[in-house]
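**Q** Here it is, the structure, as structure tokens.
The numbers here are math on the coordinates, done by the rules we state, and not lab data. Everything numeric in this text was worked out from a predicted model, so none of it was measured. Cβ coordinates were reconstructed from backbone atoms using ideal geometry, including for glycine residues, and neighbour counts include every protein chain displayed.
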Amino acid sequence: MESPGRSAWYVSWRGLAELGRVSNLPTCVSNVLVGFALAGQVPAWPTAALVLGSTCCLYLGGMALNDIIDAGHDHQHARHRPIIAGRIGFRLATLLAGVLLAAGVFLARPLGLPAFVTATLLLLTIVLYDLLHKSRVEAIVLMGLCRGLVYVLAALAAGGALDPPLAAGATSLAVYTALVTLVARDEAGTLTARGRGAALLLPLAVLPWGLWVGAGNVLAWIAGGLAVVWIARGILLVRGQPPRTVPAILTWLGGISLVDSFYLVALQRYDLAAIALLCFAVTVVAHRRILGT
């Protein structure tokens with residue numbers, strides 16, 4: 001399944017970036033910030049660094065594992081993928097995936113037992129999703145859980161508790177991610193009615209919780225409106241003729257940080273909201289060089 005003439009250990013910088021979908025990494029950072037805000041505090045920098053390191057390693061490792069497991073399918077249907085295109089060797093990709101996933105859990109160990117257990121659950125969810133996502137549509141729930149667990153991991157590491165606001169916020173992000181993943185299943189072909197319906201539900205996935213925690217906060221309503229406008233941009237892309245599904249998916253992936261910024265405004269953490277907004281801008285720009293899907 002590797003390209004002729006490429007070593008099993010071959011690597012290029014572009015191949016690494018594509019394998020890990022590094023253009024999406026800022027969305028992991030903004031997810032962590034929401035988790036901290038839900039805990040009521042940003043932890044000391046060593047703890048914050050461990051949370052960010054754990055989350056990013058699990059994300060990068062999960063993306064690499066996805067391409068490794070899908071190599072047979074990609075050989076037939078997605079020859080632009082870095083392993084199949086020969087921009088990174090299969091064995092090296094496998095080694096990197098294993099090291100990154102192990103590092104993600106290892107870095108969570110000093111964060112306390114609740115955070116460590118959450119990181120382990122996140123690892124298991126990532127692996128299960130990668131194994132099932134091509135054959136089971138229900139795997140979109142696992143993808144959603146992967147994102148929602150980042151809120152939980154960050155909040156527990158910062159000394160928070162798994163209380164109703166955290167559970168509801170994580171669920172909102174999980175539903176948003178699952179709906180995006182459902183639409184993404186149609187990215188290589190004609191968008192189905194199921195995909196179009198999922199796209200229309202995206203604003204409903206993110207608005208209620210943010211406006212609930214930000215009740216009476218005018219800025220939260222403005223931030224929510226901006227998030228909906230951005231999500232609507234993606235909806236228009238998939239409902240056009242022909243549907244532009246990949247640009248829509250990239251729009252919504254970048255929009256994760258915009259949703260995070262909305263939630264942070266609702267939680268009155270305007271400093272963290274500004275950082276999440278920067279993460280959104282960086283993701284959108286990075287998608288022009290490295291595809292996030």
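**Q** Separation of region 32-108 and region 128-205 by C-alpha centroid, Å?
**A** Here the two parts' Cα centres lie 17 Å apart.
**Q** Modelled label-to-label distance, Leu121 and Leu95, 7 Å Cα→beta-carbon offset: nm?
**A** Placing both labels 7 Å along Cα→Cβ, they lie 3.4 nm apart.
**Q** While we're here: How much net charge surrounds Asp260 when only the other residues with a Cβ under 15 Å from the Cβ of Asp260 are counted, with Lys and Arg +1 and Asp and Glu -1? Walk me through the intermediate numbers first.
**A** Details: positive: Arg147, Arg269; negative: Asp271.
Residues close to Asp260 contribute a combined charge of +1.
**Q** Suppose the chain between Leu201 and Asp271 were pulled fully straight at 0.36 nm per residue; how much longer would it get relative to their current alpha carbon spacing?
**A** Values: separation 70, 0.36 × 70 = 25.20 nm, distance 2.94 nm.
Value of the extension gain: 22.3 nm.
**Q** Determine, at each q value in 0.12 (inverse angstroms), the log₁₀ of I(q)/I(0) that the Debye formula gives when each Cα of region 146-231 is one equal point scatterer.
**A** Results for region 146-231 at q = 0.12 Å⁻¹ read -0.44.
**Q** If you don't mind, there's one more thing I want to ask. Counting other C-beta atoms within 10 Å, which of Leu204, Leu122 has the fewest, and how do the rest follow?
**A** On the way: Leu204 13, Leu122 27.
The most exposed by this proxy come first: Leu204, Leu122.
**Q** Positive end of the dipole of region 13-286, charges at C-beta (+1 Lys, Arg; -1 Asp, Glu), about the Cα centre: which of Ala167, Pro247, Leu131 has its Cα farthest in that direction?
**A** Pro247
**Q** Placing +1 at every Lys and Arg Cβ and -1 at every Asp and Glu Cβ, with all other atoms neutral, what dipole size does the chain have around its Cα centre, in debye to the nearest 20? Numbers along the way, then the final one.
**A** Working: 20 positive and 12 negative charges, 127 e Å.
Around 600 debye, computed over the chain.
**Q** Okay, moving on. How large is log10 I(q)/I(0) at q = 0.16, 0.17 Å⁻¹ when the Debye formula is applied to the Cα atoms of the chain, each weighted equally and without solvent?
**A** After summing over all Cα pairs, the log10 values are -1.30, -1.45.
**Q** Measure off 7 Å from each Cα along the Cα-to-Cβ vector at Thr192 and Ser12, then give the distance between these two points in nanometres to one decimal.
**A** So the two model labels end up 3.5 nm from each other.
**Q** Moving on. Looking at the square roots a ≥ b ≥ c of the eigenvalues of the Cα gyration tensor of region 168-293, which shape do they give, rounded for a/c under 1.5, prolate if a/b is larger than b/c, or oblate? Walk me through the numbers before you get to the answer.
**A** On the way: a/c = 2.29, a/b = 1.56, b/c = 1.47.
It comes out prolate by the Cα gyration axes.
**Q** Next question. Could you list, bin by bin from short to long, the percent of Cα-Cα pairs of region 78-137 in 10 Å steps?
**A** With 10 Å bins starting at 0, P(r) equals 20, 36, 32, 11, 1.
**Q** Fewest first, what order do Arg87, Arg109 take by the number of other Cβ atoms within 10 Å?
**A** Numbers: Arg87 22, Arg109 14.
Placing the least packed residue first, the sequence is Arg109, Arg87.
**Q** Most fluctuating residue of Leu92, Leu173, Leu25 in a GNM of the chain with Cα springs under 10 Å: which is it?
**A** Of Leu92, Leu173, Leu25, the most mobile in the Gaussian network model is Leu92.
**Q** Further question: For n ≥ 4 DSSP H runs only, could you compute -39500 (n - 2.57) per run for the chain, divide by its residues and tell me the 222 nm figure to the nearest 500?
**A** Using -39500 (n - 2.57) per qualifying helix, the result is -25000 deg cm²/dmol.
**Q** For a quick check of your reading of the filter: which trypsin sites (Lys or Arg not before Pro) in region 211-249 sit in a DSSP loop and have no more than 15 other Cβ atoms within 10 Å?
**A** Numbers: sites: Arg233, Arg239, Arg244; in loops: Arg239, Arg244.
Here the trypsin sites (Lys or Arg not before Pro) that fit, given the DSSP loop and packing criteria, are Arg239.
**Q** Using a Förster distance of 41 angstrom, determine the FRET efficiency expected from the C-beta separation of Arg109 and Leu236, and round it to 0.05.
**A** Numbers: r = 45 Å, r/R0 = 1.10.
So the FRET efficiency works out to roughly 0.35.
**Q** Return His77, His287 ranked ascending by Cβ neighbour count within 10 Å, so the fewest neighbours appear first. Before the final figure, lay out the partial values.
**A** Details: His77 12, His287 20.
So the residues, fewest neighbours to most, are His77, His287.
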